[in-house]
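Single-structure report; data block below.
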Amino acid sequence: MQKLRRTTNKPLALLVTLLLACGLHACQEPIPTHQLQALPEHRLCATDTLFFIAPLSDSTQTYQISFTARTDRSVPASLWSLEITAEAPSGPSYREVIQLPCDVDRVTDYLSQCRENNEAPTLRLESGPAGNDWTWQYRRNIQPNENGTWKIALRLLEPTPLEGIHCFGIICTPENHEQ
């Protein structure tokens, strides 16, 4: 009786295993959606409206939405007033006004206090040669009453244009995902 010889292609088996593992990981852990809009003249005016989409595809999931911007290091300290309009996939809209602090000294103090008190900050500031990168947490634990693609519009309420802003964006993250 002749013995059957088993042959394996180890590189192929390793590749298939790796692809399956990556595919399963990708299905289990959704990644955040980052959207940035460049401002070619490095200016945001009250006549500008920035449009973004928030893919809130699972109405049983909670999400976090943050805003982000890159500014010149020389941007004067201020509080930015923005009107946010969120439009549900079926059409109804919700509006509110928010204020985003853009003051390096105060934000640095705030971040130091958060570290001292072991608290999670609601904003982040990273300074580098290209400028200041800001991230402001807008809302946590958002559970959409309707799943699908939400449209987000942002409009500056300041009469004077904000100078030195290179880009502005939105980050939509499922709550169980680490940034």
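The values are calculated or read from the model by the stated rules, or taken from the named source; none is laboratory data. The structure displayed is predicted, hence computed values, not measured ones. With ideal geometry, Cβ positions are generated from the backbone for all residues, glycine too; neighbour counts draw on all protein chains shown.
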(request) Being in contact with a Lys or Arg (Cβ under 6 Å, 6 or more places away or on another chain) and either more than 23 Å from Glu175 (Cβ to Cβ) or without any contact (Cβ under 8 Å) to a residue 12 or more places away in the chain (or both) narrows it down to one of Glu83, Glu87, so name that one. (result) Glu83
(message) Condition check: surrounded by fewer than 15 Cβ atoms within 10 Å (Cβ to Cβ) and either in contact with a strand residue (DSSP E or B) (Cβ under 8 Å, 6 or more places away or on another chain) or modelled with pLDDT of 90 or more (or both). Does Ser74 satisfy that?
(response) no
(message) Checking the condition surrounded by fewer than 12 Cβ atoms within 10 Å (Cβ to Cβ), touching a residue at least 24 places away in the same chain (Cβ under 8 Å) and not hydroxyl-bearing (Ser, Thr, Tyr), which residue from Asp133, Asp105 passes?
(response) Asp105
(message) Exactly one of these conditions fails for Leu123: (1) over 26 Å from Ala38 (Cβ atoms); (2) within 18 Å of the chain's Cα centre (by Cα). Give me its number.
(response) (1)
(request) Return only the number of the condition from (1) at pLDDT 50 or above; (2) out of contact with any Pro (no Cβ under 7 Å at 6 or more places or on another chain); (3) within 30 Å of Asn147 (Cβ to Cβ) that Ser59 does not satisfy. (result) (2)
(message) Taking the conditions exactly as written (exposed (fewer than 13 other Cβ atoms within 10 Å of the Cβ), aliphatic (A, V, I, L, M), modelled with pLDDT of 90 or more and more than 17 Å from the chain's Cα centre (by Cα)), does Leu79 satisfy them or not?
(response) no
(request) Evaluate the following for Ile65: is it surrounded by 11 or more Cβ atoms within 10 Å (Cβ to Cβ), modelled with pLDDT of 90 or more, closer than 27 Å to His166 by Cβ and touching a Cys at 6+ places or on another chain (Cβ under 8 Å)? (result) yes
(request) For Gln99, state whether it is of a type in the set (S, T, N, Q), part of a strand (DSSP E or B) and either in contact with a helix residue (DSSP H, G or I) (Cβ under 7 Å, 6 or more places away or on another chain) or in contact (Cβ under 8 Å) with a residue 40 or more places away in the chain (or both). (result) no
